[in-house]
Every structure is written in structure tokens, then in C-alpha cells.
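Worksheet: one structure, shown below.
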Amino acid sequence: MRALRSLLFNILMFTTVVVFSFFSLFTVPFSGLTRYRLISLWARLQIWLLKVVCNLTYRVEGKENLPGSPAIILAKHQSSWETLAFQAIFPPQVWVLKRELLLIPFFGWGLALMQPIAIDRGGGARALEQIVKQGRNRLKSGRWVVVFPEGTRLGPGQNKRHAIGGSVLAAETGYPVVPVAHNAGSFWPRHGFIKRPGTIQVVIGPVIDSQGKSATQIRDIAEQWMRQAMANLEQHPGVADGGPNQGEVA
């Protein structure tokens, strides 16, 4: 049954991305924020489909930690789920991502119109300069910047030393950092087809004030908090075949 539900979800996801990719082209005349709100409706639709088709929901803890103005999110990356759900959980945002994603047919069209910070991951100093320059611009325009500092999706229990890019952006611009942990990989594994029913746990950590801190200090604080939060989450991975309603805040 899980396989059939997962297959149905995948069919609906790929069908709707084709429809929305053409729809996204009509958003070109609008501002970046307006385009984001319109195009991100696709991601919100996928989260609803996961609930209806796969009985996969989520629960958020720590929303009271979110500042009232743009910030930099440093988040765990385990699954495709968070790239969808973050658009429903957090204010309008852009992501630091590998530029190859913009070449994906249909999906890449809409993604490009949302003005991500698309970098060459092997670009070294040039990529870092791009993150700071474009990140500053996006933050000033009212959008949050999402960075997955481990650089790639990692399975449950796996960790990787955080890259410095998001922390450099915070240190250079003075914008606060919001660390985020979740256990989506236990329900929608990286490269996985089956979506397990249950409740994904998302934990938003205390804001890290970047004022007066070096990039290394910011990185170390965020990484230490994330590893502890992930250890706690993986001890209690969620409730299969049920759980709190989608979007419930602890």
C-alpha cells in the first residue's frame, strides 16, 4: 500500500510541476516577492498531497524563535521534503543551491524565477563572494536566505562538517541566524521512493546574533546546536501511521 501511495504521489508531483512550470512563466512581470508567493503554491500543494495521499504530516517546535525580520536559516538537509515544506513554514525565502538544479526541465524554470543563489559548488572564493553579494541583496529585499551548510542530503545519523558560506554571509551582513533541525529523512529518504506515513518533527532553534561574531564562531554555534537537536530527534523519530495535524506548532 505504501508503494502504491508513493507512486500516486510521484505521478501527481511530476504532473503538477509541468503545469506550474508553464504558469510560472506568466509571473515574470511581477516583483520577486510576488513571483515567490505565486510559484511557491506548488510546494504547498505537494505538502497537502503528502498529507492526503501518503498520510505524511509535520509538526513544528520553536516557531516563537523566529525573528520578525529577514534572517539566514542554517538547516539540516536529509530529504527533498524540506525544500517543499520550508516554503510553508518560513517567510518568503531564497536558497543557496547548486546551479545545475536550474537545468532540470520544468522544475528548473520555476526555480530560476524565484531568484535563488545558484553557485558553482567547486567555485571556491568566487562562490563565497556570490553568496555574500547576492545574499545581502536578497535579505535587503525582504527575503530570508536558506542555506544547507552540510552541502548535500545526508541520511539519519549522518553528519558532515558545516561549510562556512552561510556563516560568512551572516558575519558580513549582520543578519541573525536561525538554526533548524528535522528528521524528514526518516520518512522520505534521500533518493528514496517510499514515503513513510507519520509526523516529521521540525525544530527551530534560538536565534544566533551574528553581531560581533566571526564566521567561524557562528558556524560552530549553529553546528553544535544542530548536532544536539538531531541526536534528540533521532531518539524519538516520530509516530508512524498518525500523529499531530499538519503544521501543528508545539
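The values are calculated or read from the model by the stated rules, or taken from the named source; none is laboratory data. Computed from a predicted structure; not experimentally measured. Positions of Cβ are backbone-derived with ideal geometry, glycine not excepted, and every protein chain shown enters the neighbour counts.
Residues of region 99-116 that are surrounded by 18 or more Cβ atoms within 10 Å (Cβ to Cβ) and of a type in the set (Lys, Arg): none at all. Tallying residues that are at pLDDT below 90, of a type in the set (A, V, I, L, M, F, W, C) and touching a Lys or Arg at 6+ places or on another chain (Cβ under 6 Å) within region 86-132 yields 0.
Quick grid of which residues meet (1) assigned to a loop (DSSP other than H, G, I, E, B); (2) within 30 Å of Asn232 (Cα to Cα):
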| position | (1), (2) |
| --- | --- |
| Glu100 | no, no |
| Arg126 | no, no |
| Gln130 | no, no |
| Lys133 | no, no |
| Arg138 | no, no |
| Val145 | no, yes |
| Pro149 | yes, yes |
| Lys160 | yes, yes |
| Ala163 | yes, yes |
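Does at least one position in region 20-33 carry a residue that is free of Cβ contacts under 8 Å to residues at least 24 places away in the same chain, assigned to a helix (DSSP H, G or I) and either under 16 Å from Thr83 (Cα atoms) or among the β-branched types (Val, Ile, Thr) (or both)? No. Any residue in region 67-96 that is touching a residue at least 60 places away in the same chain (Cβ under 8 Å) sitting within a Cβ distance under 7 Å of a residue that is among the hydroxyl-bearing types (Ser, Thr, Tyr)? List the pairs, counting only those 6 or more apart or interchain. Correct list of pairs: Pro70/Tyr175; Ala71/Tyr175; Ile72/Tyr175; His77/Thr152; Ala85/Tyr58. Just wondering, is there one or more residues in region 83-93 that are part of a loop (DSSP other than H, G, I, E, B), closer than 20 Å to Ile204 by Cα and touching a Pro at 6+ places or on another chain (Cβ under 7 Å)? No, because not a single residue in region 83-93 is part of a loop (DSSP other than H, G, I, E, B), closer than 20 Å to Ile204 by Cα and touching a Pro at 6+ places or on another chain (Cβ under 7 Å).
Quick check on my filter: what residues within region 187-236 are in a strand (DSSP E or B), over 16 Å from the mean Cα position of the chain (by Cα) and hydrophobic (A, V, I, L, M, F, W, C)?
To start, the set of residues in region 187-236 that are in a strand (DSSP E or B) comprises 198-204, 208.
If we keep only those that are over 16 Å from the mean Cα position of the chain (by Cα) too, we end up with 198-199, 208.
Within region 187-236, just Ile208 meets the criteria.
Out of Gly62, Gly32, report the one residue that is touching a Pro at 6+ places or on another chain (Cβ under 9 Å), surrounded by fewer than 20 Cβ atoms within 10 Å (Cβ to Cβ) and modelled with pLDDT of 95 or more. Let's see the steps before the verdict.
Numbers: Gly32 fails: modelled with pLDDT of 95 or more.
Within the list Gly62, Gly32, the selection yields Gly62.
Flag: Ala3 matches the condition of being over 20 Å from the mean Cα position of the chain (by Cα) and either crowded, with 19+ Cβ neighbours inside 10 Å or more than 30 Å from Ala231 (Cβ to Cβ) (or both). For region 83-97, state whether one or more residues are polar (S, T, N, Q) and surrounded by fewer than 19 Cβ atoms within 10 Å (Cβ to Cβ). Within region 83-97, not a single residue is polar (S, T, N, Q) and surrounded by fewer than 19 Cβ atoms within 10 Å (Cβ to Cβ). Tallying residues that are farther than 21 Å from Val52 by Cα and either in contact with a Pro (Cβ under 7 Å, 6 or more places away or on another chain) or of a type in the set (A, V, I, L, M) (or both) within region 173-203 yields 7.
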